[in-house]
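Coordinate-derived values only; no laboratory data. Predicted model, so just to flag it, every value in this text is computed and none were measured. Note that we place each Cβ from the backbone using ideal geometry, even for glycine, and neighbour counts take in every protein chain shown.
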Amino acid sequence: MKIISQRELRNGSAAVMDAVEAGETFHVTRNGVEIAELRPLTQRRRFTAEELVERHKRLPRVDAAEMRREADEFFGEGRIGDDDNPWERTRG
């Protein structure tokens, strides 16, 4: 955790926000008194393209026909079917 003044935050906001995005936390002071904490919302790690491809390879295969059968079984009748256009307005 770093302590910075309100002036430092104002004058170097881009650099401070980059540091926060990278995971750093700052305490902001005004007149020498700590008044705020600036920290990342989450500690997310960015993945490389190679890591994303490897993660994708490990995902389970999805059988679309089986998924549709399960959806039909779960939701039953009275829902929009393949032939219905959900964007078409019916006037009555």
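For the range 1-58, what's the radius of gyration and Dmax over Cα atoms, in angstrom?
Reported Rg and Dmax, both Å: 16.1, 54.
Give me the one-decimal nm value for the distance between modelled label points at PHE74 and MET1, 7 Å along each residue's Cα-to-Cβ direction.
4.4
I'd like the trypsin sites (Lys or Arg not before Pro) in the range 15-62 restricted to DSSP loop residues with at most 10 other Cβ atoms within 10 Å, sorted by number. Spell out each step's value before the answer.
Values: sites: ARG30, ARG44, ARG45, ARG46, ARG55, LYS57, ARG58, ARG61; in loops: ARG44, ARG45, ARG46, ARG58, ARG61.
Passing both the DSSP loop test and the Cβ count: ARG44, ARG45, ARG46, ARG58, ARG61.
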